[in-house]
Each structure stands twice: as C-alpha cells, then as structure tokens.
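Contents: one structure, followed by commentary.
The values are calculated or read from the model by the stated rules, or taken from the named source; none is laboratory data. What you see is a predicted model; the values in this text were computed from it and never measured. Glycine gets a Cβ as well: all are built from the backbone with ideal geometry, and neighbour counts include every protein chain shown.
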Amino acid sequence: MSVSTPPAASVRLDRLERIWKESPGLLGWLTTVDHKRIGILYFFTSLFFFGAGGVEALLIRTQLIGPNQSTLDPATFNEMMSTHGTTMIFFFVVPMSLGAFGNYLIPLMIGARDMAFPRLNALSYWIYLCAGTFLYVGVFSGNAPGAGWFNYVPLASKAYSPGPGIDFYALSLLFVGISTTLGAINAIVTIFKLRAPGMSLNRMPLFCFAFLAVSFALIFALPALSTALILLELERLLGFHFFIPAAGGAPILWQNLFWIFGHPEVYIIILPAFGIATSIIPTFVRRRMVAFPLVALAEILVAFLGFGVWAHHMFAVGLASATAIYFAAASLVIVIPSGIQLFAWITTIVTGTPRFKTPLLWIIGFIVLFILGGLSGVTFAAIPFDQQTTDTYYVVAHFHYVIFGAAVFPLLGGMYYWFPKVSGRMYYERWGQVSFWLTFVGTNITFFPMHILGLDGMPRRDYTYSPEMGWTGLNLIETLGAYLLALGLLSVFANLAVSLFRGERAGNDPWEGDTLEWSTTSPPPEYNYPVIPKVSSPYAMWDEEDREEDARNLERGRKTLEGGHETPASTAVDAEWDEILEMPSNSAWPPLVALAMTGVFAMVLLQQWVGAAIFVAILLATVGGFHLKEPEEA
Amino acid sequence: MSSVPRSMEAEGPGPVEVVDRERRTQASGWWGVALVIATEVTLFACLIATYFYLRFRTSEWPLGGIEKPSVTLPLLFTAMLVASSIPMFLSVRAAKGGAVRAAWWLLLLAAVVQATYLGLQIHLMVDDLNSFSPQANAYGSIYYALIATHHAHVAIGLAIDAWLLWKLAHGITNYRLIALRVAAFYWYFVSVAAIAVVLTQLYPSL
Amino acid sequence: MLVVAGIVFLGAVAMLLVGWFRRGTPGLPFFGESERANTGLVIAFGIAIPLVVLIALFIVSDLYVLNKTDAPEVSSTALTVTVVGHQWWWEARYPAGGVVTANEIHIPARTPVNLVARSVDVIHSFWVPELNRKIDMIPGQSNRIELYAEEPGVYRGQCAEFCGLQHAHMAFEVHAEPRRDFERWLSANGRPAHRATGALARQGQRYFMEDGCAACHTIAGTGAEGTVGPSLTHLAGRETIAADTLPNTPADLFRWIQNPQSVKPGAKMPGLGLGPRKFHAIVAYLTELE
Ligand code: HEA
Ligand code: HEA
Ligand code: CUA
Ligand SMILES: [Cu+2]
C-alpha cells in the first residue's frame, strides 16, 4: 500500500493482514485455499502442459517436415498426435482459462475476498494436478493413447488397442472432469452469491458473464463425455458391450456422446477468450464496450446454442439427410452471436482512442485469426464442402485458427495485461511487441498453408506422405513456421520470467483499467480488498467517487469486516447485502482427498478391484475429514 | 450493515431459525448441491438416451432371448423409495421449526426405508445376474450399467444420511440445517431418477 | 464460398485499419460519437448481413447441391460395387460376375455406380476426391454413395478416417474405363487364376500353398482360400500393391513379401522369412497371375 495511508487505515490493514495470513512456506502452498495462490498454481501447471503439448506438436511437425521421414515411427506419431490434442484441450486451455484466469480474477472483479468454496477450489486444483500426472505417467511409461483425441471406437476398443494407453486416456479424462465440474460449480456460486453488495447482475463485468456461461456449459456438457468414458472402460476392462456391432453395440454411439460434449467444449474453450477480450479492449481504447447488453446476451447464446450442433462433426458417417441439414442450419445460426461480439469489439476499437500496447495487440491478432478460423468453420456448415474437407488438413487449419489463434492469443494477451497486477512489476513493452509479431507471423505461416493442403487432399493424422503427392513444399513451410511460433512463445515467457525479477514496480493501476481488480494493491493482499468496494457500474474502476468513498470507509472502518475471516454474500440478482460468511483458512484435506482419488483410479487401471475398494474407503474417510470441522463453507 | 446476520455463527434452534428466515437467497451450499444435481441429471439422461439408442438399432429387444423384466417388484420398491421423501420433507420442516429431536427421528425413518430399498434392489439385481450377465450383449450391459449407477447414488445418499444423523445428534447449527435441506433435495432427485430408471428398465414389459 | 469468406474477412480487417488510422480521434467516421449509431453498426454487420449471407449459403449448398449429389436409388444404377475396408487395404466385390479384387476398383465411365461401403474392423472412410465426397465405412453398417466418372482415367482414392498405424498407407486406385473395356476386365477377373506355367513359377506356387501364404490369401482355382489378406487371383493385373504403397513390379513384389514390415510397419502381413530362393520363386508365380 502507498506511503500516504492515514494511520487509522493502516491499523485496519494490519489487522486484516493478521487475520488472513496464510501459513508460510511450502506447507502454505500445499494447504492454501487462497484463490490467488490456487490460480497461480493452476497457471504454472497448465503452462507446463502447454510446454508438453507444444513439444509434441513440434515433434509432429518435424516428422512431417518432408516426405517419408522417420523421426517418429507410425506408432509414436499416432501417440504424439493423440496426446498433443488431449493435453492441449483438457490439460492446457481449459485449466489455464478457468483455473488460472477465472480463479485469480473472478473474486477480484466482483469485489469478493475469495471463491464461494475455497477448499473445494483447492480440491479442484489438486485433482487436476493428479489427473494430468496420471496421463503423463502413461505417456512416459510408453503407454500413451494412440487413437486420436476423440478416440473413436472400434479403433479404441480392446481388440484394436490392446495396450493400457486408452485406459490412461479415458481414466485421466474422467478424473480431470471431476476437477472441472467442481471448478465450474464454484465459479457459478461465487458469481451468484459473492458479488460485492451493489453489483447487481447488470453491473457485472462482461468477463464474469463469459465465465458464468462457460461454467454452465461445462455442467451440462461434461456428463456426456463422462458417460462415454465410463461405458468405454466398462467395455475395455469388464467386457461389457456398447460399441461392438457383433453384440448389439454401435460405434456411432460413441461419436454422438463424444461430440454432444465435444462441440460445447469448443465454445467452452473460446468463451473465456471472449471474456478476456472484453476486459482488455475497453481499457486500451479508453471507452466502454459498444452494445454491452447485446454482447452479454451473445456470450450466453453461444454457450447455449453450442449444444445443438454436435453432429456437424459427423457429416460423413451417413446421417439421414434431414438430420444433416438440421445440424448444418444450426451450425450457421451459431455464427450470429459470434458476429455480434466480433463487431462489438471492432466498433469499440474504431470508436475509441486505442493505445496499441502489447495486450491490445494480442487481442487484435485474436480478432483477425478468429475471423479466419470462424469463416473456415462456417464453410463446413455447407455439407458437401464438409464431406470433401472433413478429416483433411483443412479441418486442422480451422481449429488451430480458432483454438490457437482465437482462444490462446487472448490468454497470452491476458498474461501481459494482468502481469503487473499479479507480480507487482511491469513487463518489457518493446520485447512484448516483438514476441507478439513473431508469434503472429509464425502462427499464420504454420497454419495457413494447412487450408491449401487440405483442399489439395492431404488427410490429417497421416504419419507421412509420399513425394509424388506434391505436399512437400507447404509442409516444410509449416514446420519452419512452427519453429518460429515456438520461438515467439518462448520469448513471451522469457519476457515475463525476466520481468518477474527485473521489471520496474507497477503500482496499483498501470493501465487506468476499468474493473475493480485495479483498485487494490499489486499483488493484491490475501483479503483482496480492505473495504468491500462500492459498485455502481460494470466499469467500477472508472467511477472515481466510488473509489474515494472506499478510501474514506477504510479510515472510518465502514464495510471493512475486520472482525474475522469474513466476506459478504449478497442476493443473486440485485446483490443486496444478505449475510456475512466466514471463510475457511489453510486445509490439508484437499490434497489428501485428491491423492485418495488417484489411488482409486490407479487401482481401476491396474484392475486391482480389492485395492480399488480399499482406496474408495480411504477416499470416504478423507471426504469425512474434509467435513469434520464446521462451519467451513455453507 | 451491522444488521446483516453472521449466519455461520448461528447455533441452537432459535438463532438458526432466524438466520434461515432472514436469508433471501439460498445458501451457497444449496446452490452447490443444486448444480451437482444438474450434472447428475444430465448423466442419467445420457445413460437413458444410450439405452434407447441401442434399443432402436435392433428389432429384437431384449437381445439374445433374455426374458423381459418382471414389473411388479421393481415398481413397488420404487414407490417405497419415493415415499421416503415424505419423512425427509417433514424432517426438514421440523428442523427449521427448531424441533431437532423430531427432525432426527424422521431422518432416521427415511434412512431406514432407503436402506431397505437398496437391500431389496440389490437382491433383485443378484437374481437378474443369475439369469443373464452384463457381458451377454448390449442389452445386458446397459441394463446393469443403468441400475448400478442408480444404486451408487442411493448408497451415497445413505452415507450422507448417516453423517447427518451423527451431526444432528449433537444439536443443530446453521450449517447442519443447510446440510439437512440439501440432503433432502438430493433424495428428491434420487427418487425422480429412480422413477426414470425403473421405467427404462421395465420398458420392454410396458 | 471461399470468395464470400474472403470478402467478409477483408471487410472486417479494413474496419480494424480504420481503427488504427483514427486512433487519435474518438467516435465513428461520418456518424461521430453516438452510441445508437455504434449499436446500429453492430446489429447491421453482426446480425443483418450475416443472416443474408448464411441463408443464401444454406439454400445453395445444403439444399440444392446436397440432393443433387445424393446417393442414387439402388435400382437406378447400372452397377453396384461393394467396397470393404480392412486394416489397411480395400476389398472390392462385384456381385455381377462374382468378382473379388483388392485396392484397384474398375468402373465404367459415364455410368453412375452405386458404391456400398462396409468395414470388417475399425472405421475407415472411402474417398476419391475427384469422383465424390467421403463416405465412412463403419462396422455393422453399410453406407452408400454414388461414384460417377465423366472421363475415363485413373483416380486416386485414400482412407480419410484415422484407422491406426497405417492409415497413411491406405490408398487405392479407381480405373474408369469405356464400357467395353470394363466388361472385358470384369469377365476376365471372373475367371479363376492362370495355372503356373514356368518351372520356377510352379515351384513358387508350391511354396505359396505350403509355406503359409495360402492361409491368408485366396487364389481362385487353387487351394488357397485365405481371407485375411487381399485376393491375389489376378494380382499381376494390378498396378500397385499393398494399398497403393508400392508399384507392382517383380522387384517391389519381392521387397514386399520378403519383409512387409519394413515397407509398411504394422501391416497385418508377417515376413515369413522363407529365404530369397523361395521368395524369388513365389514372385515368379505371382507375376504370372494375369
Ligand atoms: C488448445 C489446443 C491446441 C493448441 C494450442 C495446439 C497447438 C499446436 N498444434 Fe495442434 N492440435 C490440437 C489442439 C491444439 N494444437 C488438436 C485437438 C489436434 C487434433 C489431434 C487429433 O487429431 O486427435 C491437433 C493436431 C495438430 C496437428 C495435426 C496432427 C495430425 O493430424 O496428424 C498438427 C500438425 O501440425 C498440430 C500442430 C500444432 C502446433 C505446431 C501448435 C503450436 O501452436 C504449439 C506451440 C506451443 C509451443 C511450442 C509450446 C511453447 C513453449 C512453452 C509454453 C514453454 C513454457 C514452459 C514450460 C515448458 C514449463 N496440431
Ligand atoms: C475454439 C474452438 C472453436 C470454435 C470457436 C469453433 C467455431 C466454429 N466451428 Fe469449429 N471446430 C473446432 C473448434 C472450434 N470451432 C475443433 C477443435 C474442431 C475439430 C475437432 C476435430 O475434428 O479434431 C472443429 C471442427 C468443426 C467442424 C467439423 C469439421 C469436420 O471435422 O468435418 C465444423 C462443422 O461444421 C465446425 C464449425 C464451426 C462453426 C460454424 C464455428 C462458428 O462458431 C464460427 C463463428 C465465427 C465466425 C463466422 C467468424 C466471425 C463472424 C463474422 C465475421 C460475421 C460474418 C460471418 C459470416 C457472414 C459468415 N468446426
Ligand atoms: Cu483406413 Cu484410415
Ligand atoms: Cu463443432
């Protein structure tokens, strides 16, 4: 806090400091329930998986650098390809956006002192860590899954994938699914209950709308995947029949279940990016978002409509044409909300007075790439065109534009944007801009030629190709592009890493930001806000008089809740002050519960049913322990 | 704002009742469980959808000459489980009204009924297992998968009952009242799921 | 369609550039600072225009083109061919004349052919880019698609659904021929295999029957009736082997049968290690199977 703090206030700050202090050192990190620390844990873990997925990607590209290469043998290629997709989707993007960004920022943006269920929050993280480790134990023990990230049966059935690779895949995804579900629930309750009194829904930042939509989408999408995975494991481990025609099963059943989850998932991946864009743009163009209500509506619509289009991934399986046509139409409808948001961003930028700092550059890069990727997505909705391009590199191009370009760019932009808040220091601006251009150019060199290759008939998931096909040149370019891209990303993280120690001090609000988090210190104290902030618009930070009132309240000791480990809870819609909740502090149970779960999954994998039963008992015990002390959360 | 209740400190019938009356939005715990139930409902929906997806791929159902399930007992038992919602409901009412003992006994009653239900159900399932196995074909597989999932939910519910009985035996707090209410909520969901599951299970005979 | 996409894209980027040039001045060009104008813009570009474009796209592609290229009524076509996907090769059956062959499909040009797609193991996808769209080959299900070649010629096709180790080497050729040539080909392939003539070839035939090949391969008219691998009855008539992986020359045949795993790692054919002498004989035999 700045030097000019009046005495009365600093006394209060010390008191809050003492009440909220977490236990120090490593133990503190293991038992933390502070959403900011958990967010940071999520950040580094998912960054690590990004690295892993990236290395796999580079191996893929190296194998494809020229015809008939033998960097990877066919088996290893398929494993790298499958693990790359699985890692990036389930262990990088989603945890990075919901786990790291959501966790760190939602409570700050709504003026709360923590998530609604701090220990559940920790539990989500530890489960995620264990699940990721679980998958990579498989990878490093030579049992990586090799049936693609959507793991179609019968290829993934025991008969054609006898090894445990697929079991590692299925179980780790079931496992991480638990974590994601808990995380989503936590986010929703936090947003409904813990908004600072006065922040009625229509005063909530769009960022939070995006995360609200995502969390609901997850709640209803994940069970479809879980069902599919459970059935698959029943078939693989216990000899049930769901997917093998011989015994009355149906291969297409898997595809339906997977994509009922899978398409919502892609919007789950993109929506947080939208949210980040809608919080970076206003700050840097110095004006409020155009068409705020439309954008909020669009964010929710995207998540909702996403459930009605899954079969557009299955246009070649021989659907009845009526069915196919319905899904094509639905896929076109979903363009509208995307279009709304897109033009809302563009108009905001055009009508504002932009400062082209690194974060905004990433967002503009995102807009460009999202349009390209989105448009190629729309072309699929023309069924005949899809039936030509499906399972070619044209699809790979589409989804890397929308996933890497549109979903990951804002994450990177967000890293720069909130870096001062999280670390208390500034990154190097020039360096940041250079890294952006490296990555942006690299991205297009890597993924644009894939459109052409796809239209030229190159199937995806081919471990090699023959020189006669004439695909050599473009593949070479793509691979070089990928190296450039990797270089760009490394310089991004190098910049942040160096700035962490050398960067100059940032102060509370280096950007003249629009949302609440900029009103507290950088990095924020354990209790986030000494005073429960006053909120009268979605751009709370731009309402100076409110912030001044907060300062006065601090001196007078109003709305400081310095009596205990407390945060206010308000009514769901109008956010009137409803009750005062006591927040739990450090707990060892979350990691223990996660470990017990790991035991269960490991035993199932090894088909040690007795062992599994024992670990279920242990799990129950730990869950009991979790609920021993009351009141913790309610 | 000093009027705002510190709900979590509320202990003993009186204060708990006040807090409960004054709270305008459901407690966080309630929201959490409501969302858990939302995912669970979706899970059952997917399983039941799977059942009918498999069913409508063949003319013969049940497959492989497995005889149709017998109707009476499963329906009877389900009715029994659904009935256990009544003591559950009354128990919550009593607890809100501060009649902790009554709440405890009603909860016990519900739990006993639910436990008996599970016992009988498992007994039925064992009978089925003697006549056809889940490995027999897709029908057997989805049949048992569906029922077992349901049983798992009942078992979890019983665990929650047990824990609650133990807690309530030591008097009531705001936290325990919320726990009791969400437990009841959970059981209502399990009852509804039970109906959906049993109707699917008996579908060939209906 | 790609053109439309291009226009939309350039339009949007142009707007961004405007944003850059006017970074100093707030408000829209022409409209100035008016929230209503801004919202209007969003609605116009974000809802109105897309609606028009999308509806047009939908009608053209999903209603018109789709049913124009739909699979034909079985009765309406002169010829039906059943193609069965195997890991990682293609079996082609001609009900007319009981012909069974592999990795090389002959069809008459300028005739709509009704193609039935099946699979015996995992999901594959039948795709001849120049002749029609993809159709997945799904175990326990048979899909249909029309195959129509305007011009005689050789069209390359390949498997488009990931099907395991050798998905990359699962290609084939479609030979579209004038009707007469096609009829000739069909009747020729209906006949049993030539009997071996040369001395070496006769030896080769014996090894083929005795040393294991026959367990997996069929050569009509001989004892060989295996069904794990492609029928070799008229192998010499084909232009490629191992699903378009190698040209069908004696040298490559030798390379293949001597060590399939080095050519196509994971292929479901083992190297039987019979030694060069026997393999040479077998190749001599196979090259006689016109
Ligand atoms: C979020 C999703 C995501 C992301 C970000 C990426 C990123 C990349 N992907 Fe991705 N890809 C998929 C999702 C993703 N991919 C999916 C779902 C598939 C389909 C799989 C399947 O078919 O089943 C796929 C398939 C796929 C293929 C096709 C494989 C095939 O069909 O045969 C290719 C080929 O070029 C490819 C390339 C790349 C490249 C070069 C990147 C690059 O952008 C990667 C760049 C990243 C790095 C270079 C890492 C940066 C370094 C660090 C972060 C280090 C920092 C810290 C530590 C190490 C601690 N991907
Ligand atoms: C972040 C993830 C993401 C996003 C946002 C999208 C967005 C869209 N996707 Fe994409 N998609 C994937 C991730 C994503 N996709 C992945 C991972 C796969 C492959 C899975 C696999 O096979 O491995 C895939 C595959 C995929 C397919 C199946 C292809 C195939 O396998 O055959 C289809 C088919 O319809 C499709 C459609 C769409 C559509 C219509 C959109 C729309 O939402 C796009 C809307 C956006 C725009 C259109 C641009 C902005 C709008 C305007 C500029 C307004 C004006 C526009 C018009 C007038 C057209 N996608
Ligand atoms: Cu067969 Cu890919
Ligand atoms: Cu999709």
### Summary
Residue pairs qualifying under the 7 Å Cβ cut-off, at least six apart or on distinct chains, with the first in segment A:241-253 being closer than 14 Å to A:ALA159 by Cα and the second being buried (at least 21 other Cβ atoms within 10 Å of the Cβ) and acidic (Asp, Glu), are A:HIS241/A:GLU235; A:PHE242/A:GLU235; A:PHE243/A:GLU235
### Any hit, segment C:91-113, residues being of a type in the set (Phe, Trp, Tyr), farther than 23 Å from A:THR389 by Cα and more than 16 Å from ligand 4 (Cβ to nearest atom)
yes
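Using the structure shown, decide if A:PHE261 is within 16 Å of ligand 1 (Cβ to nearest atom), in contact with a helix residue (DSSP H, G or I) (Cβ under 6 Å, 6 or more places away or on another chain) and within 12 Å of another protein chain (Cβ to nearest Cβ). Let's see the steps before the verdict.
Numbers: within 16 Å of ligand 1 (Cβ to nearest atom): yes; in contact with a helix residue (DSSP H, G or I) (Cβ under 6 Å, 6 or more places away or on another chain): yes; within 12 Å of another protein chain (Cβ to nearest Cβ): yes.
Yes: the conditions hold for A:PHE261.
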### Task
Return yes when A:GLY142 is on the phi > 0 side of the Ramachandran plot and away from every other protein chain (no Cβ under 14 Å) and no when it is not.
yes
### Summary
Per the filter on segment B:186-206, residues surrounded by fewer than 18 Cβ atoms within 10 Å (Cβ to Cβ) and over 30 Å from B:GLU67 (Cα atoms) are B:TYR188
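Out of everything in segment C:129-145 that is out of contact with any Leu (no Cβ under 7 Å at 6 or more places or on another chain) and more than 8 Å from chain A (Cβ to nearest Cβ), what residue ends up being nearest to C:ALA102 (Cα to Cα)?
Looking at residues that are out of contact with any Leu (no Cβ under 7 Å at 6 or more places or on another chain) and more than 8 Å from chain A (Cβ to nearest Cβ), I get C:MET137.
When segment C:152-167 is examined, which residues are found to be facing another protein chain (nearest Cβ under 7 Å) and either over 21 Å from A:ALA156 (Cα atoms) or part of a loop (DSSP other than H, G, I, E, B) (or both)?
Restricting attention to segment C:152-167, the residues satisfying the condition of being facing another protein chain (nearest Cβ under 7 Å) are C:158, C:160-167.
Hits for segment C:152-167 are C:GLN158, C:ALA160, C:GLU161, C:PHE162, C:CYS163, C:GLY164, C:LEU165, C:GLN166.
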### Summary
Only one of A:SER70, A:SER124 is part of a helix (DSSP H, G or I), of a type outside the set (D, E, K, R), within 14 Å of another protein chain (Cβ to nearest Cβ) and away from ligand 2 (no atom under 16 Å from the Cβ), namely A:SER124
### Task
Report those helices (runs of 4 or more DSSP H) wholly inside segment A:367-460 carrying at least 3 residues which are within 10 Å of chain C (Cβ to nearest Cβ).
A:383-389
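For segment A:177-193, indicate whether the set of residues that are touching a strand residue (DSSP E or B) at 6+ places or on another chain (Cβ under 6 Å) and in contact (Cβ under 8 Å) with a residue 60 or more places away in the chain is non-empty.
Initially, segment A:177-193 is screened for residues touching a strand residue (DSSP E or B) at 6+ places or on another chain (Cβ under 6 Å), giving A:193.
Still in the running and in contact (Cβ under 8 Å) with a residue 60 or more places away in the chain: A:193.
The answer is yes, given that some residue of segment A:177-193 is touching a strand residue (DSSP E or B) at 6+ places or on another chain (Cβ under 6 Å) and in contact (Cβ under 8 Å) with a residue 60 or more places away in the chain.
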### Task
Test C:LEU131 against the criterion of being away from ligand 4 (no atom under 16 Å from the Cβ), assigned to a loop (DSSP other than H, G, I, E, B) and surrounded by fewer than 21 Cβ atoms within 10 Å (Cβ to Cβ), and give yes or no.
yes
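Residue under question is A:SER321, and the condition is that it be facing chain C (nearest Cβ under 10 Å), of a type in the set (S, T, N, Q) and either surrounded by fewer than 23 Cβ atoms within 10 Å (Cβ to Cβ) or under 30 Å from C:ILE123 (Cα atoms) (or both); does it hold? Working first, answer last.
Working: facing chain C (nearest Cβ under 10 Å): yes; of a type in the set (S, T, N, Q): yes; either surrounded by fewer than 23 Cβ atoms within 10 Å (Cβ to Cβ) or under 30 Å from C:ILE123 (Cα atoms) (or both): yes.
So A:SER321 passes the test.
Could you check how many residues of segment A:178-227 are of a type in the set (Gly, Ala, Ser), within 11 Å of another protein chain (Cβ to nearest Cβ) and under 25 Å from A:ASN256 (Cα atoms)? Let's see the steps before the verdict.
Taking segment A:178-227 as the starting set, the residues that turn out to be of a type in the set (Gly, Ala, Ser) are A:179, A:183-184, A:187, A:196, A:198, A:200, A:210, A:213, A:215, A:217, A:221, A:224, A:226.
Now narrow it down to the ones that are within 11 Å of another protein chain (Cβ to nearest Cβ): A:184, A:187, A:215, A:221, A:224, A:226.
Filter once more, keeping what is under 25 Å from A:ASN256 (Cα atoms): A:184, A:215, A:221, A:224, A:226.
Residues flagged as of a type in the set (Gly, Ala, Ser), within 11 Å of another protein chain (Cβ to nearest Cβ) and under 25 Å from A:ASN256 (Cα atoms) within segment A:178-227 amount to 5.
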### Task
Tell me which residues, restricted to segment A:356-366, are buried (at least 24 other Cβ atoms within 10 Å of the Cβ) and facing chain C (nearest Cβ under 10 Å).
A:ILE364
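State yes or no: is A:GLY85 out of contact with any Asp or Glu (no Cβ under 8 Å at 6 or more places or on another chain), within 16 Å of ligand 4 (Cβ to nearest atom) and under 17 Å from A:ILE270 (Cα atoms)? Spell out the reasoning first.
Details: out of contact with any Asp or Glu (no Cβ under 8 Å at 6 or more places or on another chain): yes; within 16 Å of ligand 4 (Cβ to nearest atom): yes; under 17 Å from A:ILE270 (Cα atoms): yes.
In short, yes.
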### Qualifying positions in segment A:297-318 - modelled with pLDDT of 90 or more, under 16 Å from A:PRO384 (Cβ atoms) and assigned to a loop (DSSP other than H, G, I, E, B)
A:MET314, A:PHE315, A:ALA316, A:VAL317
### Per-region count, segment A:33-67, residues more than 16 Å from ligand 2 (Cβ to nearest atom) and either within 14 Å of chain C (Cβ to nearest Cβ) or not in a helix (DSSP H, G or I) (or both)
7
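Give C:GLU183, C:GLU173 a once-over and let me know the one that is more than 7 Å from every other protein chain (Cβ to nearest Cβ) and touching a Ser or Thr at 6+ places or on another chain (Cβ under 8 Å).
Details: C:GLU183 fails: touching a Ser or Thr at 6+ places or on another chain (Cβ under 8 Å).
Of C:GLU183, C:GLU173, the one residue that is more than 7 Å from every other protein chain (Cβ to nearest Cβ) and touching a Ser or Thr at 6+ places or on another chain (Cβ under 8 Å) is C:GLU173.
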#### Entry: Evaluation of A:TYR527 against (1) more than 14 Å from chain C (Cβ to nearest Cβ); (2) within 20 Å of A:LEU411 (Cα to Cα) (one fails), failing number
(2)
## Note on the structure
Checked against (1) farther than 30 Å from A:PRO525 by Cα; (2) surrounded by 22 or more Cβ atoms within 10 Å (Cβ to Cβ), A:ALA75 satisfies every condition except (2)
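Helices (runs of 4 or more DSSP H) wholly in segment B:9-122 with at least 3 residues that are modelled with pLDDT of 90 or more and within 30 Å of A:THR190 (Cα to Cα) - which ones? Steps first, please.
Working: elements: B:13-22, B:28-55, B:72-83, B:85-96.
Output list reads B:28-55, B:85-96.
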### Query
Of all residues in segment A:237-258 being buried (at least 24 other Cβ atoms within 10 Å of the Cβ) and either within 16 Å of ligand 3 (Cβ to nearest atom) or on the phi > 0 side of the Ramachandran plot (or both), which is farthest from the other protein chains (Cβ to nearest Cβ)?
A:GLN255
### Query
Can you name the residue in segment B:140-177 that is β-branched (Val, Ile, Thr) and at the interface with another protein chain (Cβ under 9 Å from one of its Cβ atoms) and, of all such residues, is surrounded by the fewest Cβ atoms within 10 Å (Cβ to Cβ)?
B:THR149
#### Entry: Matching entry among A:TYR417, A:TYR394 (being in contact (Cβ under 8 Å) with a residue 12 or more places away in the chain and more than 16 Å from ligand 2 (Cβ to nearest atom))
A:TYR417
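Please go through segment B:2-24 and give me each residue that is of a type in the set (A, V, I, L, M) and in contact (Cβ under 8 Å) with a residue 40 or more places away in the chain, ordered by number.
Going through segment B:2-24, the residues of a type in the set (A, V, I, L, M) turn out to be B:4, B:8, B:10, B:16, B:18-19.
The answer is B:MET8, B:ALA10, B:VAL16, B:VAL19.
Looking only at segment A:307-316, decide whether some residue is facing chain C (nearest Cβ under 8 Å) and not basic (Lys, Arg).
Start the filter on segment A:307-316 by keeping residues that are facing chain C (nearest Cβ under 8 Å), which leaves A:316.
From the residues that got through so far, the ones that are not basic (Lys, Arg) too are A:316.
Yes, because at least one residue in segment A:307-316 is facing chain C (nearest Cβ under 8 Å) and not basic (Lys, Arg).
Among A:ILE127, A:ILE89, which is buried (at least 19 other Cβ atoms within 10 Å of the Cβ) and within 21 Å of A:VAL408 (Cβ to Cβ)? Let's see the steps before the verdict.
On the way: A:ILE127 fails: within 21 Å of A:VAL408 (Cβ to Cβ).
The unique qualifying residue is A:ILE89.
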### Query
Which of the residues belonging to segment A:473-512 are closer than 30 Å to C:PRO129 by Cα and in contact with a Phe, Trp or Tyr (Cβ under 8 Å, 6 or more places away or on another chain)?
A:ASN475, A:GLU478, A:GLY481
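Residues of segment C:241-267 being touching a residue at least 12 places away in the same chain (Cβ under 8 Å) and assigned to a helix (DSSP H, G or I), which ones? Explain how you work it out, then say what you get.
Within segment C:241-267, the subset touching a residue at least 12 places away in the same chain (Cβ under 8 Å) is C:241-246, C:248, C:250, C:253-254, C:256-260, C:263-267.
If the condition is that a residue be touching a residue at least 12 places away in the same chain (Cβ under 8 Å) and assigned to a helix (DSSP H, G or I), then C:PRO250, C:LEU253, C:PHE254, C:TRP256, C:ILE257, C:GLN258, C:PRO260, C:VAL263 are the ones that fit.
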